[in-house]
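Right, one structure below, let's go through it.
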């Protein structure tokens, strides 16, 4: 539990600062006010490229969804 197979869709928004997002074999450079949607099962890594940064992230855990299914 907790591996790549458990990662669902992720929505991330940069509130302050700048970030590089590595996901789906691509690199995306985001700044304050920008957002990204990462598809399920894709490895992802967030790197703050400014002195400070603040993110809002919402991640669906697929395992949690499967546990709730009767």
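The values are calculated or read from the model by the stated rules, or taken from the named source; none is laboratory data. The model shown is predicted, which means the values in this text are computed figures rather than measured ones. Quick reminder, even Gly has a Cβ in these numbers, built from the backbone with ideal geometry, and neighbours come from all protein chains shown.
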So, of the residues in the range 18-39 that are touching a residue at least 24 places away in the same chain (Cβ under 8 Å), surrounded by 14 or more Cβ atoms within 10 Å (Cβ to Cβ) and farther than 14 Å from residue 57 by Cβ, which turns out to be nearest to the chain's Cα centre (by Cα)?
22
Do we have any residue at all in the range 47-62 that's assigned to a helix (DSSP H, G or I), exposed (fewer than 14 other Cβ atoms within 10 Å of the Cβ) and at pLDDT below 85?
no
Identify, by number, the condition in (1) in a strand (DSSP E or B); (2) at pLDDT below 95; (3) exposed (fewer than 13 other Cβ atoms within 10 Å of the Cβ) that residue 9 doesn't meet.
(3)
